[in-house]
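Novice: First the structure, then my questions, so here it is.
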Amino acid sequence: MSKDHLSGFRLADDLFFVLHNDRTGRMRLNQRVTGLGLAGAVLGELMLAGRITAGMAVGEVRLAVVDMTPTGDNPTQEALNHIIAEPSHSFRTWLQFLGQTAQANVAARMIESGHIHRPRRSWLSKTPAYIPVDTNTAVWPTGRLNLAMQRRNALTEQDAVLLGLLMACGGERAFLWERDPEYLAQTTASLPAHLRELIAQTEAAVGDAVISRR
Amino acid sequence: MSLKEHRPSAVTSALAKDRLGVPSVIFFVISAAAPLTVVAGSVSTAYAATGVTGVPLGFLLLGAILGIFAVGYVTMARHVVNAGAFYAYTAKGLGRPVGVATAWVALLAYNALQVGLYGAIGASTQPLIADAFGVELPWWVIALFFWALTGALGLMRVDLNGKILAILLLTEIAVVLLFDVVDLVNPAPGTGYSLDVFDPANLFVPGIGAVIATCVASFSGFESSVVFAEESKDPRRTVPMATYIALAVISILYAFSAWAMTVPIGTDKIVQEARDQGPNLYFATPGEQLGSTVSTIGSVLLVTSIMAALIAFHNTISRYFFALGRERVLPEIFGQTSAPTGAPLTGSITQTIVGFIVIILYALFDLDPFIQMFFVFGSFGGLGVLLLLCATSVSVIAYFAKNPAPETAWRTKIAPAIASILLLIVITLVMVNFDTVLGVPPDSWLRWALPVFYVVAIVFGVLYGLSLRKKRPEVYAAIGMGAHASVRSGQ
């Protein structure tokens with residue numbers, strides 16, 4: 001089990017908080033982009049925990065399982081099971097596939113861990129509102145990234161991935177107080193290749209979603 | 001584990017639920033072509049502006065040429081998947097600098113097609129408002145209303161979804177067919193069911209180039225079929241089927257309707273009547289026969305049809321800007337999206353600004369919204385689309401020469417070669433007749449001024465591509481990858 005995991009801040013939870021309004025619990029980006037970002041975060045957790053990695057195979061970038069030890073939580077275990085069962089899909093396909101369920105799965109984990117309230121179904125709105133149990137916890141990831149950037153502090157590996165995924169979702173203008181292109185570029189460049197690939201693939205998948213006509 | 005191997009892939013079946021079949025792709029493709037806009041707007045304008053009666057034959061001929069073009073085009077789509085098809089193909093086939101030039105030509109052409117529609121929607125809504133409220137609004141006021149609506153919908157990322165498109169499209173086609181039938185049962189006394197308009201002698205006259213430019217503009221939208229390759233159920237089958245069916249439906253429907261329109265009026269009087277009545281020409285005979293309510297419904301549908309086309313072109317353009325911004329071929333700012341909606345923000349706003357400038361200029365100089373805006377911009381855009389098609393055909397040949405694939409020679413060499421030659425001939429015809437397009441004397445400098453825009457775009461596009469190769473090789477390497485530019489350059 002990774003150190004980051006034990007400290008309580010999980011990558012997908014952090015991204016989930018950033019991508020949802022801390023009071024209303026509504027999505028800040030559109031549905032598809034939110035799903036793709038969180039799919040990236042679930043895969044990111046698996047990468048940070050040393051379960052999977054990314055690499056070229058048969059002319060495309062694919063995911064490879066490194067360690068089959070159970071992860072101990074549902075979204076990552078489910079993703080890992082799928083990757084073990086069907087290793088021949090491209091990275092993009094995984095993002096598209098996991099993007100369909102990532103938001104609901106991560107939300108379920110966060111409800112279970114007591115981070116957000118179980119959403120009340122409203123027939124006024126199609127999308128559920130995921131209201132945080134504690135607003136301070138919910139704004140912490142955004143605050144942490146912004147403070148680090150303001151002070152030009154180096155980020156932890158997990159937070160660098162969080163920032164990278166956030167930018168890949170096109171949310172940097174909405175969530176960052178200031179944008180220092182050099183700092184942002186350095187932060188991503190400092191990551192190992194498979195994590196940079198994760199961010200690049202998420203950015204490409206989000207781009208596809210923007211271009212897609214549906 | 002062993003149990004899983006016998007089951008169909010969970011991943012594939014989950015993703016397949018979301019995929020498009022042949023009918024959905026056809027609906028997307030034809031609705032971008034906006035049938036009623038073409039039949040009521042383009043056809044009557046083509047008769048009026050060119051004075052050529054061979055318009056119906058023009059649609060059939062062009063449909064055939066595009067059919068041959070499509071052979072290589074859909075084959076390429078199986079091997080190169082990209083959302084900005086044309087420039088991705090030319091970048092792969094003829095080199096990245098040509099890809100940049102193609103992208104710029106595409107932006108010019110699509111913007112022209114889109115902007116021209118503002119003239120059409122202003123002019124066709126004007127009589128409807130006058131009838132309903134008794135107010136004579138200037139066309140550009142109405143155009144600005146639809147301009148604002150298009151811009152807002154673009155930012156909200158409202159795409160007409162498949163169901164609305166399908167309903168609109170089927171209603172449009174039903175109206176077109178109904179009006180065709182009414183036209184056919186009321187033949188003009190002298191000429192009757194004359195097939196003169198299909199006589200090559202009535203097409204191959206001075207002005208043919210202008211007719212062809214209009215026809216190309218009318219077909220534009222069909223090329224978007226390949227964009228759905230990745231989202232279709234079976235890319236090998238769905239995209240080619242949808243492309244050929246859409247082309248056949250469009251060309252036959254347009255040719256038939258353009259002919260039917262001449263039947264109650266007479267092939268000898270069609271040009272004069274088109275000049276006198278403009279876009280109302282198409283609704284005149286059905287209005288007399290079926291009552292004014294029916295023709296009003298037709299006019300309202302014409303407006304919704306143009307609106308659908310406006311949205312389609314606006315979104316195509318803003319996505320083009322976005323893809324180029326992601327590649328950094330355009331400034332990075334074009335790669336930005338609107339946070340809440342995921343719309344290509346900068347691209348959308350840029351397109352909206354272009355539309356505004358043109359509408360205001362036309363209003364200031366008091367130019368005619370139909371002939372001088374819709375027709376001129378449409379033909380100018382049509383010429384650009386022809387250049388794109390021709391370059392794409394040549395790059396299909398070049399691509400498969402470099403990357404042999406298990407495809408037949410007909411698909412990779414013969415059909416693209418025939419298409420390239422035919423398209424070159426067509427481009428020459430359009431250039432020769434560009435004075436007719438603009439309605440200026442043959443010796444006017446204006447006839448050369450507009451096509452020069454494309455020459456400039458091509459020259460500077462190639463030069464810019466070459467300078468990228470020298471100065472920013474990482475950007476150069478990503479040309480043609482669109483949204484996937486991040487994947488290569490991130491490594």
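Novice: Could you point to the residue in B:ALA485, B:SER393, B:PRO451 farthest towards the positive end of the protein assembly as shown's charge dipole, with +1 and -1 charges on the Cβ of Lys/Arg and Asp/Glu respectively?
Specialist: Highest projection toward the positive end goes to B:ALA485.
Novice: Is the stretch A:1-83 best put as rounded, prolate or oblate by its Cα gyration tensor, with a ≥ b ≥ c the root eigenvalues, rounded for a/c under 1.5, and otherwise prolate when a/b is larger than b/c, oblate when not?
Specialist: oblate
Novice: Using the scaling law 2.2 N^0.38 Å as the reference, what is the normalised Cα Rg of chain B? It would help to have the intermediate numbers written out before the result.
Specialist: Numbers: Rg = 22.4 Å, N = 491, 2.2 N^0.38 = 23.2 Å.
Its radius of gyration relative to the 2.2 N^0.38 Å reference: 0.97.
Novice: Now for a separate question. For the stretch B:318-365, what's the relative contact order in percent, using C-alpha pairs closer than 8 Å and at least 6 residues apart? Mind showing how you got there, number by number?
Specialist: Numbers: 53 pairs, mean separation 15.2, N = 48.
Relative contact order here is 32 percent.
Novice: Plugging the Kirkwood radius over Cα pairs into Stokes-Einstein for the stretch A:3-211, at a temperature of 37 °C and a viscosity of 0.692 mPa s, what D comes out in µm²/s? It would help to have the intermediate numbers written out before the result.
Specialist: Values: Rh = 17.1 Å.
Estimated diffusion coefficient is 191 µm²/s.
Novice: Continuing with this model, one more query. Under the definition of partner shielding as Cβ atoms of other protein chains within 10 Å of a residue Cβ, what is the mean value for peptide B:314-323?
Specialist: On the way: counts 0, 2, 2, 0, 2, 5, 1, 0, 3, 3.
If you average over the peptide's residues, the count of other-chain Cβ atoms is 2.
Novice: Express in whole angstrom the spacing between the alpha-carbon centres of the stretch B:91-116 and the stretch B:433-491.
Specialist: Taking the Cα centre of the stretch B:433-491 as reference, the centre of the stretch B:91-116 is 6 Å away.
Novice: Given the options A:GLY35, A:GLY44, A:GLY143, state which has the largest fluctuation in a GNM of chain A using a 10 Å cut-off (strictly under) for Cα springs.
Specialist: In the Gaussian network model the winner is A:GLY143.
Novice: Filter the trypsin sites (Lys or Arg not before Pro) in the stretch A:122-196 down to the DSSP loop ones having no more than 13 other Cβ atoms within 10 Å, then list what survives.
Specialist: A:LYS126, A:ARG151, A:ARG152, A:ARG179
Novice: While we're here: Taking amide H atoms as placed 1.01 Å from N in the peptide plane, list the residues 5 or more away in sequence, or in a different chain, whose amide H sits under 5 Å from that of A:VAL133.
Specialist: The answer is A:ILE116, A:HIS117.
Novice: Angle check, please: helix B:446-471 long axis (alpha carbons) against the longest principal axis of chain B (alpha carbons), in degrees 0 to 90, nearest 10.
Specialist: Computed tilt is about 10 degrees.
Novice: Further, regarding this structure: For the stretch B:72-118, what ratio Rg/Rh do Cα atoms give with a Kirkwood hydrodynamic radius? Walk me through the intermediate numbers first.
Specialist: Details: Rg = 12.1 Å, Rh = 11.3 Å.
Radius of gyration relative to Kirkwood radius: 1.07.
Novice: Also, quick follow-up: Could you tell me what % of all Cα pairs in the stretch B:2-130 have separations over 22 Å?
Specialist: Working: 5015 of 8256 pairs.
Taking all Cα-Cα pairs of the stretch B:2-130, the fraction more than 22 Å apart is 61 percent.
Novice: Can you tell me, using C-alpha contacts under 8 Å and at least 6 residues apart, the relative contact order of chain B as a whole percent?
Specialist: Values: 811 pairs, mean separation 164.7, N = 491.
Once normalised by length, the contact order is 34 percent.
Novice: For B:LYS163, which lysines qualify as cross-link partners when the Cα separation must be under 23 Å and same-chain residues fewer than eight apart are set aside?
Specialist: Straight-line reach from B:LYS163, under 23 Å: A:LYS126, B:LYS17, B:LYS233.
Novice: What angle do you read, to the nearest 10 degrees and between 0 and 90, between the alpha-carbon axis of helix B:376-402 and the longest principal axis of chain B?
Specialist: Once rounded, one gets 30 degrees.
Novice: Can I get the semi-axes of the protein assembly as shown's equivalent ellipsoid? Compute them from the C-alpha gyration tensor as square roots of 5 times the eigenvalues, in angstrom, largest first. Walk me through the numbers on the way to the answer.
Specialist: On the way: eigenvalues 489, 145, 112 Å².
Gyration-tensor ellipsoid for the protein assembly as shown: 49, 27, 24 Å.
Novice: Mark the label point 7 Å from the Cα of A:ARG23 along Cα→Cβ and return the residues of the stretch A:136-159 whose backbone N is within less than 19 Å of it.
Specialist: A:136-143
Novice: Now for a different question. Any chance you could run the full-extension gain for B:TYR464 through B:LEU364? It's 0.36 nm times the residue separation minus the Cα-Cα distance, nm to one decimal. Walk me through the numbers before you get to the answer.
Specialist: Working: separation 100, 0.36 × 100 = 36.00 nm, distance 3.47 nm.
Value of the extension gain: 32.5 nm.
Novice: Short version: ³J(HN,Hα) in whole Hz for each residue of the stretch B:323-335, in order, from phi by Karplus 6.51 cos²θ - 1.76 cosθ + 1.60 (θ = phi - 60°), x for Gly and Pro, what are they?
Specialist: Rounded to whole hertz, the list is 4, 5, x, 4, 7, 6, 6, 9, x, 3, 4, 5, x.
Novice: Pop the C-beta distance of B:PHE198 and B:THR304 into the FRET formula with R0 = 25 Å and round what comes out to the nearest 0.05.
Specialist: On the way: r = 31 Å, r/R0 = 1.23.
Using R0 = 25 Å, I get an efficiency of 0.20.
Novice: Fully extended, how many nm does the chain gain between B:ALA409 and B:ASP131 (0.36 nm per residue separation, minus their Cα-Cα distance)? Don't skip to the end; give the middle numbers.
Specialist: Values: separation 278, 0.36 × 278 = 100.08 nm, distance 5.82 nm.
Difference between extended and current length: 94.3 nm.
Novice: Same structure, new question: So what's the angle, to the nearest 10 degrees on a 0 to 90 scale, between helix B:281-290 and the longest Cα principal axis of chain B?
Specialist: Approximately 60 degrees, to the nearest 10.
Novice: Ok, one more. Quick one: Cα centre-to-centre distance for the stretch A:190-211 and the stretch B:33-67, in angstrom?
Specialist: With the stretch A:190-211 and the stretch B:33-67 each reduced to a Cα centre, they are spaced 45 Å.
Novice: Another question, if that's okay. For the stretch B:223-286 and the stretch A:52-88, what is the centre-to-centre distance using only Cα atoms, to the nearest Å?
Specialist: 50 Å
Novice: Once you have a ≥ b ≥ c as the square roots of the Cα gyration tensor eigenvalues for the stretch A:145-214, tell me rounded if a/c is under 1.5, and otherwise prolate or oblate according to whether a/b is larger than b/c.
Specialist: Working: a/c = 2.72, a/b = 1.48, b/c = 1.84.
Oblate, since a/c reaches 1.5 and b/c is not below a/b.
Novice: Another question, then. Express the relative contact order of the stretch A:84-214 as a whole percentage, based on alpha carbon pairs under 8 Å and six or more residues apart in sequence. Don't skip to the answer; put the middle values down first.
Specialist: Details: 80 pairs, mean separation 29.2, N = 131.
Relative contact order, the stretch A:84-214: 22 percent.
We did not get these values from a lab; they are worked out from the coordinates using the rules stated. Remember, predicted model here, so these are calculated numbers, not experimental data. Note that each Cβ is placed from the backbone with ideal geometry, even for glycine, and that neighbours are counted across all protein chains shown.
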